[in-house]
Each structure stands twice: as C-alpha cells, then as structure tokens.
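Let me begin by presenting the structure, written as structure tokens, before commenting on it.
Values quoted throughout were computed directly from the atomic coordinates according to the rules given, and no laboratory measurement underlies them. Keep in mind that what you see is a predicted model, and the values were worked out from it rather than measured. All Cβ positions, glycine included, derive from the backbone under ideal geometry; neighbour counts span all protein chains shown.
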There are 2 protein chains.
Amino acid sequence: MKKHNFNAGPSILPKITLENTAKAILDFNGSGMSIAEISHRTKDFEAVLNEAVATFKEVLSIPDGYSVLFLGGGASLQFLMLPMNILNKKAAYIDSGAWANKAIKEAKFVGEVVVVASSKEANYSYYPKNFTVPEDADYLHITTNNTIFGTQIHEDLDVKIPLVADASSDILSRPMDVSKYAIIYGGAQKNIAPAGVAFVIIRNDILGKVQRNIPSILNYQLQIENDSMYNTPPCICIYAALQTLKWVKENGGVVEMQKRNKEKASMLYAEIDRSKIFKGTAKAEDRSIMNVCWVMEEQYVALEKEFLDFATAKGMVGIKGHRSVGGFRASLYNALPKESVVALVECMQEFEKLKA
Amino acid sequence: MKKHNFNAGPSILPKITLENTAKAILDFNGSGMSIAEISHRTKDFEAVLNEAVATFKEVLSIPDGYSVLFLGGGASLQFLMLPMNILNKKAAYIDSGAWANKAIKEAKFVGEVVVVASSKEANYSYYPKNFTVPEDADYLHITTNNTIFGTQIHEDLDVKIPLVADASSDILSRPMDVSKYAIIYGGAQKNIAPAGVAFVIIRNDILGKVQRNIPSILNYQLQIENDSMYNTPPCICIYAALQTLKWVKENGGVVEMQKRNKEKASMLYAEIDRSKIFKGTAKAEDRSIMNVCWVMEEQYVALEKEFLDFATAKGMVGIKGHRSVGGFRASLYNALPKESVVALVECMQEFEKLKA
C-alpha cells in the first residue's frame, strides 16, 4: 500500500535525496569507499560542503556578508549557542509556541530575556502581533513556524534591532528576505536533511560584540573561520542536505516550493473548513502552510481514534496531533506530493460520509 | 583496484553497517519509508535506540548503575558538556596529545583545570606516567588513545578520584574494566558509526554534584531521563551504531577485536622495526594498536612523497601522517581487515627493495 508521510519531523524527504545518500553510503563518487569512511578534510568532501553552502545561498538569495554553517546537533543546541554568541545585555523573544518556549528557557541560562509577546494563554493558537520591541535589546528572536500548533508568521518583520529566526520547520518553504535577519537557523530534519545537523545563516557583522569568553564548540566565529569544520561535521547529513538543496533548485526554487505548499495547504484547510465533523485549531490568518492542525467538532470527538485507524488503514502516516493540541496534524513539507493531500482529503470525506 | 582504507576518522566501518544503513535509508523495516523520514518517537525507532544501548552494555560489559547515551554532535561538544556536569571545584587532566589539549582548553571555560602530566615537550611521543593525581580534584581526565600521535594507554588506571576517559579512537577495540571509570565518552566516527553522534557511558552517581545551572542541552541528567531524546537524536548515525555493535558481538566481541587488532598492529610495527628506510615515532611501550605512526629514516626523508605516491598507486588510502608528526599513519580500526595490513607491509617492502 502506498504510504502518505505526514510526519512532523523527522519527515518526508525528496526521493532523490534518499537514493543519492544511500548510494554514497555504499560508494561515494566511485571511490570504492563510503562517504562515512572518508576524512572530512578530503577534497571530495570539502566539495560537498562548499556546494551545499553555495546552493543554500543561491536558492534562498542570501546576500553578501552572510555565512552559512552546517553544525552537528540540532536546533536545541542552537537555542544555547545563539545567545552565547550575541546576547550581551538583554534579548527579546516572542513566545509563539513550544519551541519558542524552549529557546527562551535556554537563553535564560546565558543572560536576561524579555518575552515581548506570548500566545500561550490561547494554547498558542495564534501568532502574537502588535508587540513593542525594546530598542535596547541585543536582538529579537522569533520562531517563524510553530510545528506543534500549526501557526506561522507570513512576513519578514521590520524591526529596529537585529532579527533572529528559528526557521526549523519552514526553511526553504517560501522566499525570505534574508537581509532583514541577522541570523536564521534551524534543525535540518524537516525540509533539508536527516536529523543530526543544524543550519545557521549569519550576518557576519552581528558577531564579536559580546563580552563573555565563548567556549570553542559554541563559537560561531570559530566555525565560520573553519568552514563548519572546527570539529568533524555530520558528513552524511550534509551530503543529504546538498541533494535536497539541488532538488529545490531544480524544481523551481523557493518560489515554486511556496506555490506548491500554498496549494497543498489550501486544499486541506478548505476541507477542514467545509467538513461537518472537523474544525481547524489555528487562527485563520496565522495558519501554517507546513503543519496543519485540526480536531473533531465537539459532537464527533468520540470518533477521534476511529478516524485515526481509518486513515492509517488507508496509508496515512503521522497524522496524530501532538498531545499539546490533540486531534490531528498533517505536515506538508516541500517533499510531500500533492497526491498525498488529495488522498488525505478523500479519506476525510469518506469518513464523514460514513459517520455524519 | 581494491582500496585499503587506513583513514584516521571518519574511517572504515564494517561492510554490513554500511549495507544495512543504506537499506534503511531507502526502506526502514519494510515500512515503505526511510529511517530518515520517521519520528524518533515511533516504536520502531525507539527499538533501534534501546537495542543499541543494550548491545553496547553487553559487548563492553557495562555494569549496572551506568547509563549509555547517544548524543548529537561529536566528542568536541563533550569536551564542554562533561565539565559542565561534573566540574565543581577543580579538574585534573592528562595532556597526552592534541585532543587531550582541546579537552583541557574547553574545560577551562568551565572551571579550574590542573594539568597533572604532559608529554607535549616530546611532541606527545609517549604516554605520560608516574603522575600524582590531586585528591581534591573532581575527576581525572585521560584520552585513552591519541589518534594523531599513535600512543595509547594499555591499562585501566586505578585512581582515587573519579576517572573520566575520552575513548573516541579505541572504544570497542579491547575489553575495558568500565567499573574503574565514572564516564567514558567519545565521537563515534572511528569504531562505531558515521560522524555526527557521540556516545557517553555515565556512572549515574557522578551526576548532581555541581552547583551551576546546567543549560538543558548540555545536561546529562536530562538526557538520561529522556533516553537520549531530550532533543531529536541523529537517527541514521544511531541506526548505523547498532549495526556495528551487533557486528562486534557476532564477531567474538571486544576480546576477539583486541586479538585481531593486536595481530594487525604487531605485523605493521614489526615491519617498521625491521625496515631500513622507516622508523616508528611513538615510544615502543606506548604504541597504539589503533593508529600506527612512522616516518622515513633520516637518509631516506627525501623519498617521503615518492613512497606516498607508490602506496597510493597500490590502493593504500589515508596513510599520510598528520602534519603534527609528518611521515605516515595507518589507522587499524576494528573494521580494517588483516589483508589490508598485509598489503601495506608488502608495499613497504617492495618500496624498500626499489630504494635501499
């Protein structure tokens, strides 16, 4: 049976990424050795890393003056690494979801944190707006997409202090005006690569302003000077990232990705809004095009498990909602084909016909 | 042409590890999805992680009261994470090589470090001995094998304070009396898995004694409570680690690994000692069975590049010595077959016949 992979992350990746990575694990570049078995200091691997950086810069139109890093660990390590490098006096954070909350918690180990807005009281069902950014803060931190709650910020903010974004779950899903950000970072395991690598896009002039001694392994400047190889990088994940970045480029870039993602999301939200048995959980204007969350209408709540079983039997994978929201969630990352959304919508309609 | 992979790391892995990992990247457990595309919170992946931990405990005879973690990033992150968790007043370090030196440098960001012995003055050509361990230090840190300089400590030390070991480059190469250690850690990319994951074996009672607030992502206790999944783990690397651990188990365990490694190392050292044109760099009693370093005898130094080319033409890979030592280095990790050492020795003998 054909599986439709709606996992929230780790999640669906382009087929070519998986095929090429599997090949390189058996024999890299016809070397007779695996990409797992060669030094990261070889010309062959350096070419992979350099091409991944160059392709990232190209597809996201990253301006001059920015560096791109691929670092071991995930976004959770960046929650700490980021303030270590740029939090001097005070940092401002938007609390838009569980991951924003974790980022805040971790930054507090480093220095003073001001939460300028939060939607926690509404179980993060909307994206905080109309907040005032303290002009004396070192930076404003946002989470561009909230994987768990299905909300997303749909614009690149204009703020007077350096803007920093965790874009783990919507990077490459749409064009971004990178020039508006000082740092964009994220775990790669949604739209880029297998779990185990984080990307960090840094405007170089944001660094070098803090007083503290930064431990070497947490020091962005040191990683920039060493082209992401201060220590041994996660080579397989970076190789996979390159395959995905090339796939994005060859498939019309982030403009086309956005078009496809909007189309997929619109289809699913339309069905949720039409349905008698389902309803969406996120405020309409803040709905994410990456993670769609919905629950049963009140009178059908008892059918939740039955729908999950019904959908699973039809090949839907990963649509159980996160425990913080309940109900259902479908993640529509770049690599998810439209046909999977069509199948999910059909499945929702069939179930409604049986039950309502 | 058959390649003989003597890379120092990332380095040769068992063929079955690579084959099974490549398969799981295409289709994991017949699920129709890649291991890169499923949640780490699924039963299928949790089974992988649990089996990797259990097999590690079994093959290394890890006693009760210890936890085994697989964490994103490599040993370099542990250089910081370790003192964050257990350095309270003062730590004692043995400076036995470049990696020990990096561990010392990183620990100094956390607290007071006393270097109780160093072989730096002799370019780390021997393993420091006869040192006095300060009894008021929180722990003594050693590096069991020095990848760059080809020295190794061949016993499990008896010390009165907690003993901590970076065993990145000789883990699973020999039996260890784990009960003598408080923590054994390392990057996995020599004897276990592709780069991108570190292992940490922790005696649970060593934790909880420091005063500082430990950032979540650097907190061993939090990772223990979350079974290595406080954050998304590097799933592919952990899957590969499981394949290697099973391979070790099925191939006679660490006792057999040690036997094979000793045999391989003896063959190569015997040739180095016999040869008129080569000589070893490490003190005989401290020679590593994992990384063998040698240089040209003085009158043949001009032939260094010629020998490298000669060996490369015969399929030898990765035998150029690290710039800190020069000459040559052959890494003989568990997965390197004896036939590769036979081929290297033949190649050294042929070259000698041509030149001496």
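In the structure shown, the pairs A:43/A:180; B:43/B:180; A:259/A:338 are assessed against 23 Å; a Cα-Cα span above that value is assigned to A:43/A:180; B:43/B:180. Around the Cα centre of the protein assembly as shown, unit charges on the Cβ atoms of Lys, Arg, Asp and Glu (plus for the first two, minus for the last two) sum to a dipole of about 280 debye. When the Cα positions of A:133, A:113, B:21 are compared along the charge dipole of the protein assembly as shown, B:21 comes out farthest toward the positive end, with charges on each C-beta of Lys, Arg, Asp and Glu.
Averaged over the residues of B:25-35, the number of partner chain Cβ atoms lying within 10 Å of the residue Cβ comes to 5. Determine the shape class of chain B: with a ≥ b ≥ c the square roots of the Cα gyration tensor eigenvalues, call it rounded for a/c under 1.5, and otherwise prolate if a/b is greater than b/c, oblate otherwise. Oblate, because a/c is 1.5 or more while a/b does not exceed b/c. Ranked from shortest, the separations from the 7 Å Cα-to-Cβ label point of residue B:305 to its equivalents in the other copies are 7.4 nm. Between residue B:89 and residue A:43, the simple spin-label model (points 7 angstrom out along Cα→Cβ) gives 5.6 nm. Classify the stretch B:67-175 as rounded, prolate or oblate from the Cα gyration tensor: take a ≥ b ≥ c as the square roots of its eigenvalues, call it rounded if a/c is under 1.5, otherwise prolate when a/b beats b/c and oblate if not. The shape class here is rounded.
In the elastic network of chain A, a GNM with C-alpha springs shorter than 10 Å, the most mobile of A:78, A:189, A:211 is A:211.
Of all DSSP beta bridges confined to the protein assembly as shown, the antiparallel ones make up roughly 60%. Ranked by the mean number of other Cβ atoms within 10 Å of their residues, highest first, the peptides A:196-202, A:79-85 fall in the order A:196-202, A:79-85. With a ≥ b ≥ c the root eigenvalues of the C-alpha gyration tensor of the stretch B:142-264, is it rounded (a/c under 1.5), prolate (a/b larger than b/c) or oblate? Judged from the Cα gyration tensor, the stretch B:142-264 comes out oblate (a/c at least 1.5, b/c at or above a/b).
Across q = 0.05, 0.08 Å⁻¹, the protein assembly as shown modelled as identical point scatterers on its alpha-carbon atoms has Debye log10 I(q)/I(0) values of -0.25, -0.64, in the order of the q list. Distances between copies of residue A:273, taken at a point 7 Å out from Cα along the Cα→Cβ vector and listed shortest first: 8.1 nm.
Within 10 Å of the Cβ of each residue in A:213-220, the mean number of Cβ atoms contributed by other protein chains is 5.
For residue B:136, the point set 7 Å out from Cα toward Cβ sits 4.2 nm from its twins in the other copies, listed from shortest up. What the Kirkwood sum gives for the stretch B:269-356 is a hydrodynamic radius of 13.1 Å, with every pair of different alpha carbons counted. When DSSP beta bridges are restricted to pairs lying wholly in the stretch B:15-250, around 50% turn out antiparallel. Per-residue mean of foreign Cβ neighbours for B:306-319 is 1 (Cβ atoms of other chains, 10 Å radius). Spin-label model, residue A:122 to residue B:129: label points 7 Å out along the Cα-to-beta-carbon direction sit 7.2 nm apart.
Can you sort B:179, B:76, A:173 by how many other beta carbons sit within 10 Å, fewest first?
Listed from fewest to most nearby Cβ atoms, that is B:179, B:76, A:173.
Just to verify a number: FRET efficiency for residue B:301 and residue B:259, C-beta to C-beta distance, R0 = 51 Å, to 0.05?
After rounding to 0.05, the efficiency reads 0.90.
Any idea how far the Cα center of the stretch B:106-185 sits from the one of the stretch A:152-188, in Å? Centre-to-centre (Cα) distance: 44 Å.
Rounded to the nearest 500, the 222 nm mean residue ellipticity of chain A from helices alone is -11000 deg cm²/dmol, with -39,500 (n - 2.57) taken per DSSP H run of at least 4 residues.
Taking B:187, B:150, B:72 as the candidate residues, the one with maximal mean-square fluctuation in a Gaussian network model of chain B, Cα springs under 10 Å, is B:72.
Let's test the formula: R0 of 25 Å, r as the Cβ-Cβ distance of residue A:274 and residue A:339. What FRET efficiency results, to the nearest 0.05?
Efficiency, rounded to the nearest 0.05: 0.80.
GNM on chain B, C-alpha springs below 10 Å: top fluctuator among B:77, B:303, B:13? Result: B:303 has the largest fluctuation of those listed. Counted over the stretch B:128-218, the DSSP beta bridges are approximately 50% antiparallel. Net charge dipole, the stretch B:15-250: roughly 380 debye, given to the nearest 20, about the Cα centre with Cβ charges of +1 for Lys and Arg and -1 for Asp and Glu.
Cross-link pairs exceeding 31 Å in C-alpha to C-alpha distance, out of A:102/A:279; A:23/B:105; A:262/B:23; A:283/A:353, comprise A:23/B:105; A:262/B:23.
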